[in-house]
Amino acid sequence: MQYWLMKSEPDVYGIDDLMAQPDQTDHWDGVRNYQVRNMMRDQMKVGDQAFFYHSNTKVPGIVGIVEIVREAYPDFTAWDPESKYYDPKSDPDKPRWFMVDVRFVRKLRRVIALQELREQPELQDMKVVQKGCRLSITPVTEAQWRHVLGME
DNA sequence: GCCAACGTTGGC
DNA sequence: GCCAACGTTGGC
């Protein structure tokens, strides 16, 4: 089992939006970065767990936990001209972009702010605390996962 | 294949 | 809203 951190802007799609879905499950659409696509497509497995992270907000940080419940399949928003994720270069016969389905597991008892993560010597190597990290999905080691939960 | 220009991300 | 970081695009 692997661990991940998945970023989303709460103004666009926050953890409360996921909780409001039927089965508290939704697809993670809109990934338009090749590195992230490759991780999602090649490495993410059903049963993996991920931190749900709120970015671009007053207090960015980890707010909850989700689980991968469906492995990568084509991101159909790439073919929808009405979607803001529309990509005319994605050929339905050879999909360029992929998404997974995630299910809400729980909220953390409190938000663990990016600032706090940065203060932890044990988390120096965590991708999300590194300068200039713009990937919306990053891997988390088991040690990092446990450490974050210990801060809750 | 280089690289400047441009666009996006996301913390602050 | 600013701007640093960095990915993508496209001319050459």
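Just so you know, all these numbers are worked out from the coordinates, no wet-lab data involved. Remember, it's a predicted structure, so these values are computed and weren't measured experimentally. Neighbour counts run over all protein chains shown; Cβ positions are idealised from the backbone, glycine included.
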Quiz item: Where in the range A:60-91 does the amide nitrogen come within less than 15 Å of the point 7 Å from the Cα of A:K107, taken along Cα to Cβ?
Solution: A:61-66
Quiz item: In Å, what is the Rg of the alpha-carbon atoms in the range A:3-150, and how long is Dmax?
Solution: 15.2, 47
Exercise. Return a whole-number percent for the relative contact order of the range A:9-80, with Cα pairs under 8 Å and 6 or more residues apart as the contact set.
Key: 33 percent
Practice problem: Report the label-to-label distance for A:V46 and A:K89 in nanometres (one decimal), using points 7 Å from each Cα along the Cα→Cβ vector. | Solution: 3.3 nm
Quiz item: Separation between the A:D125 and A:Y34 pseudo-spin-labels, each 7 Å from Cα along Cα→Cβ, expressed in nm?
Solution: 2.7 nm
Quiz item: Taking A:K45 as the anchor, which aspartates and glutamates have their alpha carbon closer than 18 Å to its alpha carbon, excluding any fewer than eight residues away along the same chain?
Solution: A:D26, A:D29, A:E67, A:E71, A:D75, A:D101, A:E142
Exercise. Would you work out the relative contact order for the range A:60-99, in percent, from Cα pairs under 8 angstrom that are 6 or more residues apart?
Key: 37 percent
